[in-house]
Amino acid sequence: MAQNAYRFPLIYTSFNCMPQLLLDDLWSEVKENTTLPEEAKSYVLEDFNEKWKQGKYELKKKYFRPYQNDPEKLKELTVDLVPPEQFKYPVDYWKLVETQEEAKRNTQNIAQHKFHHSLGRTPIFELKKKILLIEGKFPSRIDIFCESRPVTSETSNLIKQMRDSISRVPEAKRTAELEERVWIEFMGEDGHGRVKCAGRGIKPSKRRHALSSNEVIKKKIQEVVQEVEEKMRGEKEQMRKKIDEMKEEREKMKELMEQMEKKMSQTREEMTQEVVENVVSYFGLGHFPEPDSSSASGTMSVGASASSKDLAWSATKPQGKPSTNWFQN
């Protein structure tokens, strides 16, 4: 669809010059056929821009370069998905001296690139997702570089230097910001256009904004974590005080129980002694009269006068005959 000049004309030298109405129609069509959220619009348009430029490059390579010195042949060419009246616009643009000089500079710059990726048509986004699933963390640009470049002595040496630089920092301080600084130290700052090892749709300005936003979010998370930890420490201290108070109460209860048991034991002994004394007093045990020395049997004769001791014994003696069962018991 991006290379269909009937929908997206070749009369524009840049995708940014496209009328906004065409871009809005494009996004509406994408939303109707996918479940992408509104936040994906900028990435979709960026990807569409890349494919539109790639289509123009293929036109130039296939139709313009072989016949650029033959104007008549260029006029007679028929290109699929390109209206005849439109093809002259990119041809006239490619013939400009400024355009040809810019193309030479771009060719020279590309030739200076040392580390070409070997992903083919696999987008970096897919590689990021793969690393995230395997390692459980969002990959840095160093991780993407290690996974997407062919193994050569030059790349191996560069990767080793970056890894060594990170390893010199304590593990607790190895943050995403640290890896980004190491990457810039060895690979340099990003210029205009793409961000190295970040994928399509990521511009330098967007990445800087994202990094600063991540720093703000990280600080906010640290503040929340610190607040929660302080709250937990306070609750732990309160719980410890309550436990100490409960221990003190338990010791007091234990002491009180011991006192109660001691008091109950003492009361039980006193009550037992009192009962025994009452029983002995009731039945006259231990208070029998002494035998009369004038009587051989130790009993008083009938009609004999009673002594004072006899009278005292008679007064305390219970009436009736004691129960023999009680003595047996």
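If you look at the Cα atoms of the stretch 116-202, you get an Rg and a Dmax of 13.0, 38 Å. For L10, the amide hydrogen comes within under 5 Å of no other amide hydrogen, counting only partners 5 or more places away or on other chains and with H modelled in the peptide plane.
Taking a point 7 Å out from the Cα of R268 in the direction of its Cβ, the residues of the stretch 245-261 whose backbone N falls within less than 18 Å of it are 256-261. Computing Rg and the Kirkwood Rh from the Cα coordinates of the stretch 1-112 gives a ratio, Rg/Rh, of 1.02. Each residue of the stretch 81-91 was assigned a 3J(HN,Hα) from its phi angle through the Karplus expression (A = 6.51, B = -1.76, C = 1.60, θ = phi - 60°), giving 6, 10, x, x, 6, 8, 4, 5, 5, x, 5 Hz with x at Gly and Pro. Computed from the C-beta positions of E29 and I243 and an R0 of 56 Å, the FRET efficiency is 0.25 to the nearest 0.05.
In terms of the mean number of neighbouring beta-carbon atoms within 10 Å, the peptides 175-187, 127-139, 264-276 order highest first as 175-187, 127-139, 264-276.
Beyond 29 Å in Cα-Cα separation lie the following of the pairs K231/K252; K53/K114; K41/K75; K41/K128; K60/K129: K231/K252; K41/K75; K60/K129. The 3J(HN,Hα) values that the Karplus relation (6.51, -1.76, 1.60; θ = phi - 60°) gives for the stretch 128-134 are, in residue order, 4, 5, 4, 5, 4, 5, 7 Hz. Gly and Pro appear as x.
Just so you know, all these numbers are worked out from the coordinates, no wet-lab data involved. Please read all numbers here as calculations on a predicted model, not as lab measurements. Every residue, glycine as well, gets a Cβ built from its backbone with ideal geometry; the counts of neighbours run over all protein chains shown.
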